[in-house]
Amino acid sequence: MKASPRSNAIEAAVLFVAALLPFLLQAMGEEFYIGFATRLLIFALAATSLNFIVGYGGMVAFGHAAFFGGGAYIVAFLMQAGIVSAWIAWPLAVLAAVVASLAIGALSLRTRGVYFIMITLAFAQMIYYSIISLQSAGGDDGLPLEQRSTLAPFDLASDMTLYWVALAALAGCLIALRRLANSRYGRALAGLRQNEQRMEALGYPVDRLKLVCFVIGAGIAGLAGALLVNQNGLASPTQLYWTQSGMLLVMVILGGVGQRYGGMLGAIALLGLEEALGLMTEYAHLYIGLALLAVVLFAPRGLAGLAGLTDLRRA
Amino acid sequence: MNTLLEIAGLKRHFGGLWATNGVDLRIGRGEIHALIGPNGAGKTTLIHLISGALRPDAGRIVFAGADIARHDMHERVARGITRSYQITQIFPHLPVLENVRLAVQSRRRDWGSSFRMCRPASADFRMIEEAEEWLGRVGLAEAAGQLATDLAHGQQRALELAMALATRPQLLLLDEPMAGMGPEESAHMATLIASLKGEQTVLLVEHDMDIVFRLADRISVLVAGRVIVSATPDVVRNHPEVRRAYLGDDIQ
């Protein structure tokens, strides 16, 4: 389970190239794609956070949009209230996701399997309908951001800076995830995925272990939402809708459930396919559906498995 | 006798069936106490009630001086009651050593929280050493690196015993540890259980009467949800009510 020096070197190389990407795009005169790449990173972060819940914690949560979109709305609300600084607004977005997920998780974790899927979906939809019925949240139109958050001393108004911030968040998250997987807590989660009853019989507080996992995933999604609203310039109801939760789940499955890079690869593949196919054909989603089917049938470890990036033992 | 566990008036019903119908039971510290009874007598239900997998409808379970009848299972494990299952419960796709290491790690009183997220678990080398010792004790030292799923059935049962022991329980509940074993494996397991004699309090549910009468310090006989006798093997063997209710003429 330890990272080999070789894989460390590959990771460092990928990170280095990713960090230089904006300069490359600029040199090629394709600045438009800096925004697209930022979007990829943000969705990679959100999908990674969901993969933590689904793949590491073994909980198929179908309401992740509540925390992802919720984070976006919190930043937009705070900006309306005059709080522009990211140093204040983003941690509050994370905090809101943490508090909401504590409540939702504590109630949902009394159920298992399909019921857990349905109850997390129900909570997320409740939040969606609450927000769109709120006049102050812009209803169906969403809540535009007058400007980006400020992140002194960095100039977040620059697309390149936002890209690097998103990259740093994703890289930090992936590094933290690797440490966590090998920690006592990570090992306990691994036991939980394989045999919950045995963990309980060994004296582990199973529900609390799972709740903490759920809350960590939600908190990271809140941060991803804060980044997304800055990228989009708008907190929109579609980011809270169940289709958003579904899309994140598709990314996780496509990339590899429980694989550390699963969320990232899935996000890049899905959004990349959408972009590429969208340019060529009207039926992009048909092809994406077929790709998903192929992965589920022939590559249960997802793209991460195909790429040999399986660093986590699976149940 | 120094009492470790005292059960009084314990009841639990499923629909109209009182699976546990007023059980009184006392287990002394250090003894191997066998629980026998015909099929459907409520042996496994009683194990569930003591371990916390089920809650009683009425009655008391006093363990080491405290009534734990309403405690969650993980709280009872923390207090010192660990169980094994009739059907093997291990982590099939983790290495054998990690199976036991997780059991060792579960002891909060010795290591602290399992919510630590930063330090690698492999840095706690004392946990690993201890897990290796437990594996040695049940004869699985050689298998430490294998996946648990690749072990033979008897080895998996031995692994499960090692995991239960690694929680260092005051009271070990063994629910048919020889279930599904061949004669050789059974003999090995019997030797393992015998090796606990005098140092580990055990409540053993087992169908093999030879083993029960050989290993147990005392035997309780459960019939229709009640303990009808609780005594030494010799007394139980010759008890007329036991013969009538359960043993028939099998035991000479």
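A few notes on this one:
- Counting only other chain Cβ atoms within 10 Å of each residue's Cβ, the peptide B:47-56 averages 1.
- Within chain B, helix-based [θ] at 222 nm, where runs of 4 or more DSSP H residues each add -39,500 (n - 2.57), nearest 500: -9000 deg cm²/dmol
- Charged-residue dipole, Cβ positions (Lys, Arg, Asp, Glu), chain A about Cα centre, Debye nearest 20: 1620 debye
- Against chain B, whose longest principal axis is taken from its Cα atoms, helix B:183-194 shows a tilt of about 90°.
- C-alpha center-to-center spacing [segment A:19-85, segment B:141-190] in angstrom: 48 Å
- Relative packing of A:164-170, A:60-66, which averages over residues the other C-beta atoms within 10 Å, highest first: A:60-66, A:164-170
- Size-normalised alpha-carbon gyration radius of the protein assembly as shown, reference 2.2 N^0.38 Å: 1.16
- Local charge for residue A:104 was computed over the other residues whose Cβ lies under 13 Å away, with Lys and Arg +1 and Asp and Glu -1, and equals +2.
- Folded to 0 to 90 degrees: helix B:125-137 orientation relative to chain B principal axis, Cα: 40 degrees
- Mean per-residue shielding of peptide B:74-85 is 3, counting Cβ atoms of other chains within 10 Å of each Cβ.
- Coordinate range along principal axes, alpha carbons of segment A:5-242, Å, largest first: 59, 53, 27
- Prolate/oblate/rounded label for segment A:185-315 (Cα gyration tensor, a/c 1.5): oblate
- Under the span-like rule (Cα at least 18 Å along the axis, Kyte-Doolittle mean at least -0.5), DSSP H helices of chain A: A:5-27, A:32-51, A:65-80, A:86-108, A:113-132, A:159-182, A:206-232, A:242-255, A:262-280, A:284-298
- Ordered by the count of other Cβ atoms within 10 Å of each Cβ, fewest first, A:161, A:120 give A:161, A:120.
- The amide H of residue B:54, built 1.01 Å from its N in the peptide plane, has B:49 as neighbours under 5 Å, considering only residues 5 or more places off or on other chains.
- Dipole in debye (nearest 20) - the protein assembly as shown, about Cα centre, beta carbon charges: Lys, Arg +1; Asp, Glu -1: 1120 debye
- Put the Cα centre of segment A:234-276 next to the Cα centre of segment A:110-141 and the gap is 19 Å.
- Shape box of segment B:1-87 [Cα atoms, principal axes, largest first, Å]: 35, 28, 25
- Top of B:60, B:157, B:119 by mean-square fluctuation, Gaussian network on chain B, Cα under 10 Å: B:119
- Shielding value for B:158-164 is 1, the average number of Cβ atoms from other chains within 10 Å of each residue's Cβ.
Every number here is computed from the coordinates shown, using simple stated rules; none is lab data. Keep in mind the model is a prediction, meaning the values are calculated, not measured. All Cβ positions, even for glycine, are placed from backbone atoms using ideal geometry, and neighbour counts span all protein chains on display.
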